[in-house]
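Structure first, then comments.
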Amino acid sequence: MEPRMNLFAHEIGARIGKRIYAVSQVIQGSPLPKATQELVQLRASQLNGCGFCADIHAKDAEAAGEAPTRLHLVATWRHATVFTEAERAALALTEEGTRIVDAYEGVSDATWDLVRKHYDDDQTIALVSLIAMINATNRLGVILNNQGGSYVAGEPAGMAS
């Protein structure tokens, strides 16, 4: 399957892409742990069926030293012993924030309370923003039919080549 369009080949797409990138840089520079950031992005990408983003975040996490076992188990985190309580809270928030359309009632108070137990205000703002941004990016990737599999960790990943 071929990508439908290269977002960055058009002025407005490039402008949008630059702004998405700028927001991601703020989040990456936040005090939210890097491992949590990659796990969250990987899980949301799995839920949204975005192979392009799942490829990027699994490979970037592995290149940053993330254990392959944790990456293999992120889709089944509730039934794995390799995630901390804080990571579990972030993954629960990711799922509830991503699956709003699936008859969820949004983010539960129980999940929110767990997130607030483990993350300060700046970390929580970064986490909520990260979930919103990866969902937006996943939707761009799926709509444009961007395919996963060819990403090389550390190289820029433009939408549709």
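Look at the stretch 1-39 and say how many of its residues are in a loop (DSSP other than H, G, I, E, B), surrounded by 14 or more Cβ atoms within 10 Å (Cβ to Cβ) and modelled with pLDDT of 95 or more.
3
As an exercise: evaluate residue 84 against (1) more than 22 Å from residue 143 (Cα to Cα); (2) touching a residue at least 12 places away in the same chain (Cβ under 8 Å); (3) among the hydroxyl-bearing types (Ser, Thr, Tyr) and give the number of the one condition it does not meet.
Just one mismatch for residue 84, condition (2).
Residues are listed down the side, and each one gets a yes or a no for (1) at pLDDT 95 or above; (2) surrounded by 19 or more Cβ atoms within 10 Å (Cβ to Cβ):
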{"residue": "90", "(1), (2)": "yes, yes"}
{"residue": "102", "(1), (2)": "no, no"}
{"residue": "105", "(1), (2)": "no, no"}
{"residue": "112", "(1), (2)": "yes, no"}
{"residue": "116", "(1), (2)": "yes, no"}
{"residue": "127", "(1), (2)": "yes, yes"}
{"residue": "131", "(1), (2)": "yes, yes"}
{"residue": "147", "(1), (2)": "no, no"}
{"residue": "155", "(1), (2)": "no, no"}
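Could you give me the residue pairs with C-beta distances under 8 Å whose first residue belongs to the stretch 114-132 and is within 9 Å of residue 32 (Cβ to Cβ) and touching a residue at least 40 places away in the same chain (Cβ under 8 Å), whose second residue is part of a helix (DSSP H, G or I) and hydroxyl-bearing (Ser, Thr, Tyr) wherever it lies, and which are 6+ apart or on separate chains?
If the second residue must be part of a helix (DSSP H, G or I) and hydroxyl-bearing (Ser, Thr, Tyr), the pairs left are 127/36.
What's the total number of residues in the stretch 97-153 that are assigned to a helix (DSSP H, G or I) and not aromatic (Phe, Trp, Tyr)?
Of the residues in that region, 34 qualify.
Name the single residue that is surrounded by the most Cβ atoms within 10 Å (Cβ to Cβ) among those in the stretch 40-67 being of a type in the set (A, V, I, L, M, F, W, C) and not in a helix (DSSP H, G or I).
50
Taking the stated definitions as given, is residue 140 touching a residue at least 60 places away in the same chain (Cβ under 8 Å) and either closer than 14 Å to residue 53 by Cβ or of a type outside the set (Asp, Glu) (or both)?
Against the criterion (touching a residue at least 60 places away in the same chain (Cβ under 8 Å) and either closer than 14 Å to residue 53 by Cβ or of a type outside the set (Asp, Glu) (or both)), residue 140 qualifies.
Do we have residue 70 as among the charged types (D, E, K, R), at pLDDT 95 or above, part of a helix (DSSP H, G or I) and more than 13 Å from the chain's Cα centre (by Cα) here?
Yes: the conditions hold for residue 70.
Could you tell me whether residue 92 is touching a residue at least 24 places away in the same chain (Cβ under 8 Å), under 16 Å from the mean Cα position of the chain (by Cα) and in a helix (DSSP H, G or I)?
Taking the combined requirement at face value, the residue does not satisfy it.
Looking for something over 22 Å from residue 29 (Cβ atoms) and more than 16 Å from the chain's Cα centre (by Cα) - is there at least one such residue anywhere in the stretch 53-65?
no
The values are calculated or read from the model by the stated rules, or taken from the named source; none is laboratory data. These numbers come from a predicted model, not from an experiment. FYI the Cβ positions are ideal-geometry reconstructions off the backbone, even for glycines, and counts take in every protein chain you see.
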